[in-house]
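Please read the structure below before turning to the comments.
We did not get these values from a lab; they are worked out from the coordinates using the rules stated. Note that the coordinates shown come from a computational prediction; the quantities given were computed from them, not determined experimentally. Here Cβ is always computed from backbone atoms with ideal geometry, including for glycine, and neighbour counts include all displayed protein chains.
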Amino acid sequence: MEQQVTRQQFNEYMVPVYAPAEFIPVHGAGSWLWDQSGKDYVDFAGGIAVNALGHRHPAVLQALTEQAEKVWHLGNGYTNEPVLRLAKKLVDATFADKVFFCNSGAEANEGALKLARLVGHSKNAHQKTEIIAFNNAFHGRTLFTVSAGGQPKYSQDFAPLPPAITHLPFNDLAAVADHISSRTCAVIVEPIQGEGGVVPADPEFLKGLRQLCTQYDAVLIFDEVQTGVGRTGELYAYQAYGVVPDILTTAKALGGGFPIGAMLTVDRLAEHFQPGTHGTTYGGNPLATAVAGKVLDLINTPEVLGGVSVRHEWFTERLNQINHQYHVFSEIRGMGLLIGAEMSERFKGQAKQLNQLAAEEGLISLIAGPNVLRFAPSLIIPQTDIEEGLNRLERAVARLCA
Ligand SMILES: *Cc1c(COP(=O)(O)O)cnc(C)c1O
């Protein structure tokens with residue numbers, strides 16, 4: 001018999017970098033979770049935009065167990081079949097010619113930023129090193145990626161930080177045009193700022209960044225860790241915007257719950273990496289890539305991608321209806337199934353309270369900063385589960401207003 005565990009043990013044994021909910025989910029299926037006491041929850045969080053096919057999708061489970069019967073890990077002295085299949089699928093489905101695999105979004109961005117610096121050095125020994133990033137951006141938790149991120153609360157305590165990173169206001173093309181120069185090696189941007197509050201880039205902003213990067217010979221990096229793999233209703237958000245980056249990073253939904261990240265790029269940049277310049281032990285691990293290959297096959301279909309837009313409509317229609325009655329939100333925004341609801345003036349800063357009330361009512365949602373309730377459910381969530389989840393949200397909203 002395994003030892004019984006309680007939430008209290010988190011406080012006793014875990015480094016306190018998180019403050020998880022008081023309940024412990026133990027079992028999941030589709031868009032549902034159950035905790036230790038058997039209470040059910042509709043899952044609109046999807047493990048933070050990760051479980052794009054819900055929990056325990058049968059075909060993904062089969063891909064995992066089939067690979068588990070063959071070989072789990074080889075290391076990068078040997079390639080493997082699942083990684084080669086997945087790389088080809090990603091290249092065939094995107095602008096990219098080459099893929100580098102790793103284990104997380106931060107690591108994919110770390111690789112992208114290192115590649116941009118490497119390319120910059122090749123052009124101008126010590127001058128072309130500046131990275132332009134944006135206020136409120138989130139790119140991960142390594143030292144380089146918290147430094148590129150635009151939320152000083154995540155970086156300031158870890159100084160000294162890597163230099164030559166400039167932060168400019170998001171969606172302010174004029175600020176970038178004023179600042180960018182021949183010393184700029186890269187611009188890194190999220191097509192929709194996820195952690196920063198579900199704030200979509202203006203199409204003109206991304207188009208302008210593309211032009212400026214081409215003009216100044218800088219690398220344009222799209223951080224699609226949150227927006228990628230169908231989340232917006234296209235496989236990648238760059239396709240929805242019609243703006244092609246030089247490097248794209250993807251993680252979260254790529255593994256559907258199995259840790260994996262990837263950096264996609266073009267031959268002209270990829271060739272700067274040589275054996276030994278960069279790497280990671282688990283990158284391209286056969287278990288992870290077998291799962292991701294199946295996830296990609298299942299999501300990259302007209303039915304699933306088209307279904308995301310349909311679900312966006314179901315979702316926002318009902319959300320607006322709730323808001324019409326209670327006026328808790330000042331704006332409901334986002335694309336596809338990455339939806340943010342900004343708290344209205346009266347409830348400013350109360351996204352976390354609403355999130356907690358929702359959990360009590362049996363709904364798992366997310367926040368994006370103190371003022372935005374965020375939803376990133378399964379891309380194949382049934383209409384009845386959306387309805388049930390939003391009924392539960394309505395009860396939480398009513399309690400918040402009471
Ligand atoms: C979550 C996220 C990351 C970090 O990914 P990890 O897997 O947590 O390292 C980076 N960029 C964006 C846009 C994200 O949403």
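P(r) for the stretch 124-173, from all Cα pairs and a bin width of 10 Å, is 27, 51, 21, 1 %, short bins first.
Distant-in-sequence amide contacts of I260, defined by a placed amide H-H separation under 5 Å and a gap of 5 or more residues or a different chain, comprise G255. Working from label points 7 Å from Cα in the Cα-to-Cβ sense, the H327 to Q274 distance is 6.7 nm.
Considering only G276, A186, Q156, whose Cα is most displaced toward the positive end of the charge dipole of the stretch 70-299, charges sitting on Cβ of Lys, Arg (+1) and Asp, Glu (-1)? Of the listed residues, the answer is G276.
Beta bridges from DSSP with both residues in the chain: antiparallel share about 65 percent, rounded to the nearest 5.
Straight-distance candidates among the aspartates and glutamates for linking to K348, with alpha-carbon spacing under 13 Å and chain neighbours fewer than 8 residues away dropped: E331.
Using the empirical formula 2.2 N^0.38 Å as the baseline, the Cα radius of gyration of the stretch 4-92 reaches a ratio of 1.46. Taken about its Cα centre, the chain carries a charge dipole of roughly 500 debye when the Cβ of each Lys and Arg holds +1 and the Cβ of each Asp and Glu holds -1.
Taking only C-alpha pairs under 8 Å that are 6+ residues apart, what is the relative contact order of the chain in percent? So the answer I get is 22 percent.
Computed over the stretch 70-299, the percent of Cα pairs more than 24 Å apart is 40. Length gained on full extension, F158 to N391: 79.6 nm, using 0.36 nm per residue less the C-alpha separation. Taking Cα atoms only, the orientation of helix 58-68 departs from the longest principal axis of the chain by about 50 degrees.
Applied to the stretch 111-124, the Karplus parametrisation 6.51 cos²θ - 1.76 cosθ + 1.60 on θ = phi - 60° returns per-residue 3J(HN,Hα) values of x, 5, 5, 5, 4, 4, 5, 4, 5, x, 4, 5, 8, 7 Hz, with x for Gly and Pro. Lysine pairs in the stretch 70-299 whose alpha-carbon atoms fall under 18 angstrom of each other, counting only those eight or more residues apart or on distinct chains, come to 10. Dimensions of the chain from C-alpha coordinates, computed as largest minus smallest value along each principal axis and given longest first, are 62, 53, 46 Å. Highest-first packing order for the peptide set 90-97, 105-112 is 105-112, 90-97, based on the mean count of other beta carbon atoms within 10 Å.
Simple point charges give the picture: +1 on the Cβ of Lys and Arg, -1 on the Cβ of Asp and Glu, and for the stretch 70-299 a dipole about the Cα centre of about 480 debye.
Relative to the Cα centre, the charge distribution of the stretch 350-402, modelled as +1 at Lys and Arg Cβ and -1 at Asp and Glu Cβ, gives a dipole magnitude of about 240 debye.
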